[in-house]
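Here is the structure we will look at, set down as C-alpha cells.
Every number in this text was worked out from the coordinates using simple rules, so none of it is lab data. Bear in mind that the values here come from a model prediction, so they are computed numbers and not experimental data. Here the Cβ is made from the backbone with ideal geometry for all residues, glycine too, and neighbour counts use every protein chain on show.
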Amino acid sequence: MKRVFSGARPTGRQHIGNYLGAIQNYVSLQDEFECIYCIVDIHALTSLEGKEAVSTLQPNIQEMILDWLAAGLDPERSILFVQSQVPEVMELHILLSMVTPLSWLLRVPTFKEKVKMQPQNVNYGLLGYPVLMTADIILYKAEFVPVGEDQLPHLELAREIARRFNNLYGYTFPEPQAKLTQAPLILGLDGVQKMSKQLGNDIELAASPQETLERIMTAFTDPARRYKSDPGHPEVCNVYHLHQTFNSDKLEEIYSQCRGAAIGCVDCKKLLAQEINRALAPLRERRRELATRPEYIKELLTEGARRAQAISRETLREAKEKTGLISRA
Ligand code: SF4
C-alpha cells in the first residue's frame, strides 16, 4: 500500500466544516492507503505565546482525537499520533533548513499573511513553517498528501526542498504527490466566510442536539427575504447549502417551498438542525463512549508514536549519514 501523510493543528473540538472538508476524506483514504495522521502541536506553537496560550494545547489534542476516532479514524489501520511525541521531526527539520534557501521561505504568501495577523509575534517558526511541514511529510517517505487546490503551493515547496536534498546528497526522499480532494467549501453561519472556530461561525460535531439547533437559528439566510411571505432565493442561502449536504432527499421540496414562500426560515432551520442531529447521532454516541476511556486514548497515541518512530528513526539515520553527521553503517 502506498503511504499517505497528513497533519492538522490541534484546534480542539472539530466543526462540521472540518468533518466534511477533511476528516471524512481521511477516513475513506484508510481503505486504499497506509495512512499516517498527525496532530501537529509543534506547528501550533508558532501562533501561541505564553503560559496561558499553551495551556490550551493538551485539552485541544484530546478533543480533536476524540472527534477523529468518533468519525471513523481507525488506530488499527492508521498511525495516529502527536507530532512532538516523535522528536526525529525536529532533527530532520534542522537538516532541511540547511538546504532551504531563505528566499524560498520569504516569498511564501502565508508567511506574509501571518506577519500581518500576529505582528507582535513574528517568530522564526513562522518563517520555517514550510520546512517543518516538509520534515513532517518526508520523514515518513509519504508518497501522497491529501490537499485542496489552495494548498498546492505549500506542497510544491515541500517537493522542492526534498528535491534539493536529493540533488545535494543523493536520492533519499520521494517527492510527495498531491492527493487532490474535492471537498465542498463549507461556509460558516455568517454565510460569507469559510466555517472556522476562530471566526465563531461554526457548528461543533460534538454539540448537543439543542446546541446545534441554537447555533443554526443564528445562521444568516437570504438577505433579500425580509418577511415569510417574500419568495426566497435558496441558491444564495447558506442554510440551503447545508441542506444539500445533510438533507439531499428533500432538496427539491425545500427549494420550491422557499421559492414559493411556503416555508419560513425558522422552520427551514429547524428541519436542518433535525437532519444534522440525525446524521451525527452515531458519531456523537461513539464520542461520548470514547470520552469515558482517557487511558485508552493515551495508550493509542503512545502506540501511534511508537509506530511512527519506527519509520522516522530509519529515515533520520539515513539523512544523517548522507549529510556526513554519522558514519555510514
Ligand atoms: S426558507 Fe430556507 S432556504 Fe429559503 S431563505 Fe429561508 S433558510 Fe434559506
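Specify the residue with the greatest mean-square fluctuation among LEU66, LEU180, LEU155, computed from a Gaussian network of the chain linking alpha-carbon atoms under 10 Å apart. Comparing LEU66, LEU180, LEU155 in a Gaussian network model of the chain, the most mobile one is LEU180. Note: relative contact order over segment 1-133, using C-alpha pairs below 8 Å and six or more positions apart, is 29 percent. Sorting the segments 23-29, 132-138 by their residues' average number of neighbouring beta-carbon atoms within 10 angstrom, most packed first, yields 132-138, 23-29. In segment 69-139, how does Rg compare with the Kirkwood Rh, expressed as the Rg/Rh ratio over alpha carbon atoms? Rounded to two decimals, Rg over Rh is 1.08. Helical content of the chain, expressed as a calculated mean residue ellipticity at 222 nm, amounts to -16000 deg cm²/dmol (DSSP H runs of 4 or more residues, -39,500 (n - 2.57) each, divided by residue number, nearest 500). Our coupling estimate for segment 132-142, obtained by passing each phi through the Karplus curve with A = 6.51, B = -1.76, C = 1.60 and θ = phi - 60°, is 5, 4, 5, 4, 3, 7, 7, 4, 9, 6, 5 Hz, Gly and Pro reported as x. For the chain, DSSP calls about 10 percent of its internal beta bridges antiparallel.
For segment 115-161, the Kirkwood hydrodynamic radius comes to 11.9 Å, computed from all pairs of different C-alpha atoms. Within segment 299-313, find all residues whose amide N lies under 17 Å from a label point positioned 7 Å from the Cα of ILE94 along Cα-to-beta-carbon. What the label zone holds, given the 17 Å backbone N cut-off, is 313. Over the Cα atoms of segment 19-152, what is the Rg over Rh ratio if Rh follows Kirkwood? With Rh from the inverse mean 1/r over Cα pairs, Rg/Rh is 0.96. Taking every alpha-carbon pair in segment 232-275 and binning the separations at 5 Å intervals from zero gives 6, 26, 42, 25, 2 percent. From Cα pairs below 8 angstrom and at least 6 apart in sequence, can you work out the relative contact order of the chain, rounded to a whole percent? Rounded, it is 22 percent for the chain. Our compactness index for segment 133-223, the C-alpha radius of gyration over the empirical 2.2 N^0.38 Å, is 1.59. The long axis of helix 152-169 is offset from the longest Cα principal axis of the chain by roughly 10 degrees.
Across segment 27-34, computed HN-Hα scalar couplings (Karplus, 6.51 cos²θ - 1.76 cosθ + 1.60, θ = phi - 60°) run 5, 6, 4, 4, 6, 10, 10, 7 Hz from first to last residue, x flagging Gly and Pro. Amide H contacts of LYS194: GLY188, each under 5 Å away and 5 or more positions distant or on a separate chain (H built 1.01 Å from N in the peptide plane; Pro and chain starts excluded). Taking the Cα centre of segment 9-109 as the origin and placing charges on Cβ (Lys, Arg +1; Asp, Glu -1), which of THR56, LEU92, VAL82 is farthest toward the positive end of the dipole? With unit charges placed on the Cβ atoms, the residue in question is THR56. Contact order, relative form, for segment 202-329: 22 percent (alpha carbon pairs under 8 Å, 6 or more residues apart, mean separation divided by residue count). Please state the charge dipole magnitude for segment 87-177, taken about the Cα centre, from unit charges on C-beta atoms (+1 on K and R, -1 on D and E), reported in debye and rounded to the nearest 20. I would put it at about 320 debye. A full extension of the chain between ARG226 and SER55 corresponds to an added length of 57.1 nm, given 0.36 nm per residue minus the alpha carbon distance. What the phi angles of segment 62-70 give under the Karplus curve with 6.51, -1.76 and 1.60, with θ = phi - 60°, is a coupling list of 4, 5, 5, 5, 4, 5, 4, 5, 4 Hz, glycine and proline written as x. The modelled label-to-label distance for the pair GLU113/GLU285, using points 7 Å beyond Cα in the direction of Cβ, is 3.9 nm. Shown for LYS270, LYS114: other C-beta atoms within 10 Å of each C-beta, ranked fewest to most, produce the order LYS270, LYS114. Assuming charge only on the beta carbon of Lys and Arg (+1) and of Asp and Glu (-1), the dipole of the chain about its Cα centre is about 540 debye to the nearest 20. Values of log10 I(q)/I(0) for the chain across q = 0.14 Å⁻¹ run -1.14, by the Debye formula with one identical scatterer at each alpha carbon and no solvent. By the count of other C-beta atoms within 10 Å, a proxy for reagent exposure, GLU252, GLU49, GLU275 are ordered fewest to most as GLU252, GLU49, GLU275.
May I ask for the distance between the Cα centers of segment 53-100 and segment 125-173, given as a whole number of Å? Going from one Cα centre to the other spans 17 Å.
Considering only TYR124, THR134, ILE263, the residue lying farthest towards the positive end of the dipole of the chain is TYR124, judged by Cα position with unit charges set on Cβ. For segment 1-111, give the share of DSSP beta bridges that are antiparallel, in percent and rounded to the nearest 5; count only bridges with both residues there. For segment 1-111, the DSSP antiparallel bridge percentage is about 0. In whole angstrom, segment 4-79 maps to an equivalent ellipsoid with semi-axes of 24, 12, 10, each derived as √(5λ) from the alpha carbon gyration tensor and ordered largest first. Only the Cβ atoms of Lys and Arg (+1) and of Asp and Glu (-1) were treated as charged; on that basis the dipole of segment 172-329 about its Cα centre amounts to roughly 560 debye.
With 5 Å bins beginning at zero, the pair-distance distribution over Cα atoms of segment 187-329 amounts to 2, 9, 14, 14, 12, 9, 7, 6, 6, 6, 5, 4, 3, 2, 1, 0 %. Separation of the alpha carbons by more than 26 angstrom is noted, of LYS197/LYS228; LYS179/LYS320; LYS141/LYS197; LYS116/LYS320; LYS141/LYS179; LYS51/LYS114, for LYS197/LYS228; LYS179/LYS320; LYS141/LYS197; LYS116/LYS320.
A Gaussian network model of the chain, with springs between Cα atoms under 10 Å, assigns the largest mean-square fluctuation among GLN83, GLN120, GLN58 to GLN120.
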